[in-house]
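Step one of this worksheet: look at the structure below.
The values are calculated or read from the model by the stated rules, or taken from the named source; none is laboratory data. Bear in mind that the values here come from a model prediction, so they are computed numbers and not experimental data. With ideal geometry, Cβ positions are generated from the backbone for all residues, glycine too; neighbour counts draw on all protein chains shown.
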């Protein structure tokens with residue numbers, strides 16, 4: 001008669017270590033808080049992935065803990081070859097520094113790895129063998145067709161669904177029967193199932209860090225733990241990986257709440273302590289007045305690359321995520337304008353269970369505030385780094401004369417009249433392109449019209465006179481006094497009242513508009529005097545006379 005231990009040894013002949021051996025190999029850590037971000041390499045970095053990884057990283061750092069990166073690639077049918085590399089690179093762009101995990105798809109660091117699940121198959125087999133030996137798991141040869149038949153029968157008969165109790169054809173077989181089938185099938189088994197208590201009436205109460213005590217039906221399903229390819233399902237991998245990596249706190253989406261009873265059963269089966277669970281509400285959008293989850297199929301911003309390609313500052317995006325995670329952050333920031341999300345004391349327990357709403361208007365306001373606070377040198381450096389990746393032509397212009405570019409960017413910044421023109425890095429191009437002679441012919445193609453009521457001969461005469469007599473070295477008051485002298489000469493009114501009373505040919509507003517159009521080829525520009533100070537003498541004369 002075959003014993004359970006003998007069956008376990010035959011099913012897993014390559015496993016020579018025990019769980020106790022592995023726990024010694026991966027000892028307890030000194031840190032009280034250890035969290036992980038564990039994406040699947042099946043797509044680009046999703047905004048949800050950035051949200052959860054940032055929250056975990058922030059919580060770990062402020063608690064002097066550690067944050068790990070683990071690649072969960074056990075679903076190899078859905079895996080995209082280059083996705084893991086893109087995930088790792090995208091996270092680096094947000095300065096989320098992991099203490100352990102893959103540097104890239106071929107290199108890892110620190111001693112609790114491997115950090116890619118497909119490289120950990122031998123570890124899962126140790127735990128699987130233990131369950132078989134304890135009669136808490138069994139190999140199952142039920143075909144997909146048979147499983148579908150049972151589901152259909154359960155549905156028609158209004159029986160609680162899934163594979164449990166007598167609905168599992170291999171659950172009640174003894175070791176000899178299981179071994180005979182194993183040999184009959186060429187020493188193979190398609191899946192390994194967990195042997196649950198299968199009591200469908202049983203309830204469980206557990207604690208979630210956000211939702212506190214939760215009561216729900218306990219797990220009764222004989223869930224699959226090992227698949228036909230030898231790799232584990234998420235359920236077994238979660239217990240093994242988070243135990244051996246000594247993870248203390250699990251942050252994941254609320255869709256995993258219903259799996260907690262199963263996971264607690266598995267921890268109990270291994271006689272292991274369960275971690276803290278924190279199930280996060282999903283990011284949502286409004287559609288037809290109703291909330292729905294942010295969708296990678298419907299919403300381009302679901303892909304984090306969208307924010308790179310549209311030139312959002314990464315740190316502004318992290319500021320925005322902080323407002324989604326903790327509604328008190330905005331009030332705190334208004335009271336602490338000189339601080340940012342790194343200084344904020346964040347608590348997982350205070351997160352809202354309501355679905356946070358993705359709001360582009362708020363994101364852009366935060367982005368504008370972030371860029372407005374930067375020194376002009378930092379704005380230049382960040383904008384240049386982005387341009388080098390996404391806009392080579394602009395990067396070339398910015399690097400040609402960094403001092404000139406910084407002077408152009410600096411107009412009116414950090415003054416009482418600061419218009420806060422920069423919301424995205426793309427606003428750099430909008431605000432400085434006309435400063436560059438290389439772009440002058442291109443910009444001229446979209447030149448606005450001068451005020452129609454004033455003859456071109458007047459504009460030419462004024463331009464020639466002004467080009468001959470202005471002095472850009474003057475201060476703004478002297479510059480304006482000189483401009484007043486010239487506008488009187490060409491019969492421009494100082495205000496609407498003068499214009500209506502005395503029949504002037506135009507107003508000073510028209511004169512200022514002419515200068516803007518002629519010097520910048522645009523009706524809306526930064527402060528005109530400041531623009532002229534940056535353009536300086538030679539460019540001003542050339543542009544004034546280019547009529």
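Just to be sure before I move on: is residue 428 under 53 Å from the mean Cα position of the chain (by Cα), modelled with pLDDT under 80 and part of a helix (DSSP H, G or I) in the structure I sent?
no
Per-residue answers, yes or no, for (1) outside the structural domain of residue 351 (by TED's automatic domain parsing); (2) more than 18 Å from residue 257 (Cα to Cα); (3) outside any loop (DSSP other than H, G, I, E, B); (4) free of Cβ contacts under 8 Å to residues at least 40 places away in the same chain:
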| position | (1), (2), (3), (4) |
| --- | --- |
| 166 | yes, yes, yes, yes |
| 177 | yes, yes, yes, yes |
| 182 | yes, yes, yes, no |
| 186 | yes, yes, no, yes |
| 189 | yes, yes, no, no |
| 199 | yes, yes, no, yes |
| 206 | yes, no, yes, no |
| 214 | yes, no, yes, no |
| 225 | yes, yes, yes, no |
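Just to confirm my filter: which helices (runs of 4 or more DSSP H) fall fully inside the range 2-121 and include at least 2 residues that are farther than 15 Å from residue 244 by Cα and within 15 Å of the chain's Cα centre (by Cα)?
47-62, 83-92
Between 42, 74, which is within 26 Å of residue 135 (Cβ to Cβ) and surrounded by 15 or more Cβ atoms within 10 Å (Cβ to Cβ)?
Numbers: 42 fails: within 26 Å of residue 135 (Cβ to Cβ).
Being within 26 Å of residue 135 (Cβ to Cβ) and surrounded by 15 or more Cβ atoms within 10 Å (Cβ to Cβ) holds for just one of 42, 74, which is 74.
Is it fair to say residue 47 is crowded, with 18+ Cβ neighbours inside 10 Å and at pLDDT 95 or above?
No.
Residue-wise test of (1) surrounded by 14 or more Cβ atoms within 10 Å (Cβ to Cβ); (2) more than 21 Å from the chain's Cα centre (by Cα); (3) assigned by TED's automatic domain parsing to the domain that holds residue 534; (4) over 19 Å from residue 530 (Cβ atoms).
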{"site": "348", "(1), (2), (3), (4)": "yes, no, no, yes"}
{"site": "354", "(1), (2), (3), (4)": "no, no, no, yes"}
{"site": "386", "(1), (2), (3), (4)": "yes, no, no, yes"}
{"site": "400", "(1), (2), (3), (4)": "no, yes, no, yes"}
{"site": "406", "(1), (2), (3), (4)": "yes, yes, no, no"}
{"site": "432", "(1), (2), (3), (4)": "yes, yes, no, no"}
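Does the range 265-281 hold any residues that are closer than 30 Å to residue 193 by Cβ and part of a loop (DSSP other than H, G, I, E, B), and which are they? So that I can check it myself, show each step before the final result.
Start the filter on the range 265-281 by keeping residues that are closer than 30 Å to residue 193 by Cβ, which leaves 265-280.
Matches in the range 265-281: 270, 271, 272, 273, 274, 275.
Take the conditions part of a helix (DSSP H, G or I) and either touching a residue at least 12 places away in the same chain (Cβ under 8 Å) or surrounded by fewer than 20 Cβ atoms within 10 Å (Cβ to Cβ) (or both) and apply them to residue 145. Does it pass? Don't jump to the end; show me each part of the working.
Numbers: part of a helix (DSSP H, G or I): yes; either touching a residue at least 12 places away in the same chain (Cβ under 8 Å) or surrounded by fewer than 20 Cβ atoms within 10 Å (Cβ to Cβ) (or both): yes.
Answer is yes for this residue.
Examine the range 519-533 for a residue that is without any contact (Cβ under 8 Å) to a residue 24 or more places away in the chain and surrounded by 14 or more Cβ atoms within 10 Å (Cβ to Cβ), and state whether such a residue exists.
The answer is yes; a qualifying residue exists.
Would it be correct to say that residue 354 is out of contact with any strand residue (DSSP E or B) (no Cβ under 7 Å at 6 or more places or on another chain), farther than 15 Å from residue 430 by Cβ and in contact (Cβ under 8 Å) with a residue 40 or more places away in the chain?
Working: out of contact with any strand residue (DSSP E or B) (no Cβ under 7 Å at 6 or more places or on another chain): yes; farther than 15 Å from residue 430 by Cβ: yes; in contact (Cβ under 8 Å) with a residue 40 or more places away in the chain: yes.
It is true that residue 354 is out of contact with any strand residue (DSSP E or B) (no Cβ under 7 Å at 6 or more places or on another chain), farther than 15 Å from residue 430 by Cβ and in contact (Cβ under 8 Å) with a residue 40 or more places away in the chain.
Which pairs do you get when a residue that is farther than 16 Å from residue 470 by Cβ, found in the range 486-502, comes within reach of a residue that is part of a strand (DSSP E or B) and modelled with pLDDT of 75 or more, reach meaning Cβ atoms under 6 angstrom, with the pair 6+ apart or on two chains?
493/507; 499/493; 499/507
Answer yes or no as to whether residue 474 is in a helix (DSSP H, G or I), at pLDDT below 90 and surrounded by 13 or more Cβ atoms within 10 Å (Cβ to Cβ).
Judged against the criteria, residue 474 is not a match.
Specify the residue that is modelled with the highest pLDDT; the eligible residues are those in the range 232-255 that are in contact with a strand residue (DSSP E or B) (Cβ under 6 Å, 6 or more places away or on another chain) and part of a helix (DSSP H, G or I).
Checking each candidate, the answer is 236.
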